[in-house]
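The values are calculated or read from the model by the stated rules, or taken from the named source; none is laboratory data. Everything quoted here is computed from the prediction, not taken from an experiment. Don't worry about glycine lacking a Cβ; one is built from the backbone with ideal geometry, like all the others, and counts go over all protein chains shown. Note: accessible area is taken over every heavy atom of the protein model, side chains too, but ligands, DNA and RNA are not part of it. Shrake-Rupley method; radii C 1.70, N 1.55, O 1.52, S 1.80 Å.
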Amino acid sequence: MAINQERLLDTFFTLVRIDNPSGGEAAMAAHLIERCQALGLSCEQDAIGNVIARLAGAGAPLLLNAHMDSVAPCHGKEPVLRDGNIYSAGDTVLGADDLAGVTAFLEGVQTVIESGKQHRAIELVFTVQEETGLNGARALDYSKLQAKQGLAFDLNGDVGAICVGSPAHDSFTATITGVSAHAGVAPEKGISAIEVAAHAIAAMPLGRLDDETTANIGSIQGGKANNIVPDVVVIKGEARSRNQAKLDAQWQIMRNALEQAAAKFGATVEIEHKQHYGPSVLAPDAAIVQLLNQAIRAIGLEPSLVVTGGGSDVSIISNNGIETANLAIGYENIHSVDEFIPVVQLQRAAQIVEQMLLMI
């Protein structure tokens, strides 16, 4: 059976109209459980709110992953179809990131069920709080899943692109403490935390360091008044790389820069370092990539392999023993009120899901 375009759009419009802030996905989860149970899938919800739905079938199950939350502003979303694209009607995001992925999976699964054809077993995982740190994927109990292969739709670009590399991600918060003093009367009695921070940051390689690695200082806060030598500054930054060794080396450079600058001026520095997730890398000849190549060609597209500098649930899932590919789904201008998605991209994504489930 062919993808039902009217139902596809109705599903997407229905999902968009449900408020779904990170940490407030309860209404979305309830709707998805109802939808999945109506199709004959068994459902459960874990303590953090992730929805896991299962459907028996042939062979090892295929994991289908999408996240339920959207970035703010996402209350009162209203989708509008115009010139073959779906936009937000007002001053909210559309939520195609990642409700387009949810929609593609629901339509692909329903089409396969209605076809009556033998299909692969399915494990659907709809996560919460992806946008605020992949918290749902991080909290998921992977011992409950049998799948060893999976796919997600949570990537910009035209449908047909397969992500074969995403970076590991570290972040830090550094608190530099100097000595306050009157800036006009006795500046020599002070130790400027801002000056220490400036020297530290100047010693850090930042921006795009190579084709795999980036680093950034995202915020600096400190100081009280122009006539006071600032005694405390808080710096927040990050580094990412698809190569773990490069990330480790970059983090050490940033740490050394902070510690050496503090020592030079007689200040102190306290550093909180967080490792968010490791790199996710798929070989071009990985089994899931080869299956996707077949599915994409079956709907008349030519697959392409891409890499990304961002993270997704796949970053966590892949590091829990499930060979998972993140696919482009064609959304544009995500995380803004100008977000939109072409209808044809949504259709093609659902077609790929259908093809993947029928390859047994």
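Annotations for the structure displayed:
- 3J(HN,Hα) along the range 210-227, derived from phi through the Karplus expression 6.51 cos²θ - 1.76 cosθ + 1.60 where θ = phi - 60°, amounts to 7, 6, 10, 10, 9, 8, 8, 9, x, 7, 9, 10, x, x, 10, 7, 5, 9 Hz, with x in place of Gly and Pro.
- Remark: the residue 14-residue 56 segment gains 12.4 nm on full extension, using 0.36 nm per residue and subtracting the alpha carbon distance.
- Highest-first arrangement of 119-128, 214-223, 93-102, where packing means the average Cβ count within 10 Å: 93-102, 119-128, 214-223
- In nm, spacing of pseudo-spin labels at residue 216 and residue 82 (7 Å Cα→C-beta vector): 2.9
- Prolate/oblate/rounded label for the range 148-233 (Cα gyration tensor, a/c 1.5): prolate
- Taking every DSSP beta bridge that has both ends in the chain, the antiparallel portion is near 70%.
- Residue pairs, from the table 246/274; 189/224; 77/236; 236/274, whose Cα atoms sit over 22 Å apart: 77/236
- Full-stretch length increase - residue 27, residue 302 - with 0.36 nm per residue and alpha-carbon distance subtracted: 95.3 nm
- Beta bridge orientation in the range 59-156: antiparallel %, DSSP, nearest 5: 30
- Helical content of the chain, expressed as a calculated mean residue ellipticity at 222 nm, amounts to -10000 deg cm²/dmol (DSSP H runs of 4 or more residues, -39,500 (n - 2.57) each, divided by residue number, nearest 500).
- Excluding ligands, DNA and RNA, the accessible surface per residue across the chain is 42 Å² with a 1.4 Å probe.
- For the chain: rounded, prolate or oblate by the Cα gyration tensor [a/c cutoff 1.5]: prolate
- Cα→Cβ-extended label distance, 7 Å offset, between residue 141 and residue 271, nm: 3.8
- With the simple spin-label model, which puts each label point 7 Å out from Cα in the Cβ direction, the residue 208 to residue 4 separation comes to 4.5 nm.
- Gyration tensor (alpha-carbon) shape descriptor, the range 16-124, a/c threshold 1.5: oblate
- Taking the average, over residues, of other Cβ atoms within 10 Å as the packing measure, peptides 258-264, 321-327, 179-185, 132-138 rank 321-327, 132-138, 258-264, 179-185 from highest down.
- Put the Cα centre of the range 188-248 next to the Cα centre of the range 294-332 and the gap is 33 Å.
- Choice from 316, 191, 288 with maximal GNM fluctuation in the chain (Cα, 10 Å cutoff): 191
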